[in-house]
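Chemist: I have a structure here, written as structure tokens, and I will follow up with some questions on it.
The values are calculated or read from the model by the stated rules, or taken from the named source; none is laboratory data. The structure presented is a predicted model; accordingly, all values stated were derived computationally and were not measured. Please note: Cβ atoms are built from the backbone with ideal geometry, for glycine as well, and neighbour counts cover all protein chains shown.
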Amino acid sequence: MPPRKGIVKSGNAGNSSKAASSSKPAPESNSPDSIFPPGYKYPLSLLNERCQKNGWEKSIIDTRKQQDGYAFTVTLSKLNKKSGQKETVRMEPHPAYISPSAIEARHWGATYALYRLAPAESTETSSWGSEPRPNSMVSKEFADAPEVKMAAALRDLAEDAIKQAISLYPEAKDDVTPSVLSDEDAPNVNQQLATLGFNPVQARNAVNFLSQPSPVTANLMNSLSPLEAAIEYLILHVPECDLPQRFMPTANSSNSFVVSTHSGADDLKTRWIEDKAAKEAGWPIHVVKACVEADRSLVENWGLLLVTLGQKLIGNEGSTTAAEGEAYLIDPDEIEAMGGIS
């Protein structure tokens, strides 16, 4: 029997090879573009996974509206099983990081928290500052240095000694430039010293000394000008007889010594007694000299010299020479004044 026209053998009209007469266009999507590419985890998801792995509670990221965008604050909490209290950590950058939208601010907050929790995992920021314990990191400078173990008291003593040495000798620091006379100032100082009357050898020695780093050079250069520092050095190191006339003291300290050595032993002893009475007992030198010139025997008797000076102080100019065997009577008032017991 011949087949009828218009009947499909398969009996399924939906599987017809004929194309649809008209296709509806896809509706336009108004949703914004995704922040992250598809197939990747969001920073917020990574933060929550790390919190769950460490036994912490779910992270809380708060966003707040500001004039130019949104800022974030991350709060992480964990329940302390021993005390039963919740320990909370609040993290936010200073100054605040501003994002254009609230969702971006939340993801930036999660990223910030991840870097704060595990900074050492970042290859770009792996340094001593990214370590959980920065003080435990050993710098390259001390990588090969031997370990020194000492008691706490001995360590404190060594640290105090080092600090005192640094304060006394600041020029010993590597990062401090030593205070020395510069090459530009050296010719000017040399010429000025020659103008003041110093000979060329003295001026050259002063310039050479101030051009080399030393504690004395540092003290002079830090407190005085280059010319004043050079003059101070020359006054301290050059003998008085070799100094220019303007820098010599009015009373040369070596005169008394020179006169005494050339005046005989008696004159030297007299000067020694006069200096002793003036420096140790505190008597005026002109009063001591007047008493010694009036009675030369006082040079041989130190006690009698003090008695004579005391009598002169109270206005008693009489003779102080006591007769041989005569006792000096002391009344009770004097004993009490001297602190004695009668």
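Chemist: Residues that are modelled with pLDDT of 85 or more, β-branched (Val, Ile, Thr) and more than 30 Å from residue 206 (Cα to Cα): does the stretch 315-332 have at least one?
Modeler: Step one: filter the stretch 315-332 for residues modelled with pLDDT of 85 or more, giving none.
Within the stretch 315-332, none of the residues are modelled with pLDDT of 85 or more, β-branched (Val, Ile, Thr) and more than 30 Å from residue 206 (Cα to Cα).
Chemist: Please verify whether residue 47 is modelled with pLDDT of 85 or more and either outside any strand (DSSP E or B) or not assigned by TED's automatic domain parsing to the domain that holds residue 101 (or both), treating the condition exactly as stated.
Modeler: On the way: modelled with pLDDT of 85 or more: yes; either outside any strand (DSSP E or B) or not assigned by TED's automatic domain parsing to the domain that holds residue 101 (or both): yes.
So residue 47 passes the test.
Chemist: Quick check: anything in the stretch 92-110 assigned to a loop (DSSP other than H, G, I, E, B), at pLDDT 85 or above and charged (D, E, K, R)?
Modeler: yes
Chemist: While we're looking at this one, here's another question. Could you identify the single residue in 303, 282 that is surrounded by fewer than 13 Cβ atoms within 10 Å (Cβ to Cβ), in a loop (DSSP other than H, G, I, E, B) and at pLDDT below 85? I'd like the intermediate steps shown before the answer.
Modeler: Values: 303 fails: in a loop (DSSP other than H, G, I, E, B).
None of the other options fit; the residue is 282.
Chemist: If residue 82 satisfies every condition in (1) over 42 Å from the mean Cα position of the chain (by Cα); (2) not in a loop (DSSP other than H, G, I, E, B) but one, which is the exception?
Modeler: For residue 82, the failing item is (2).
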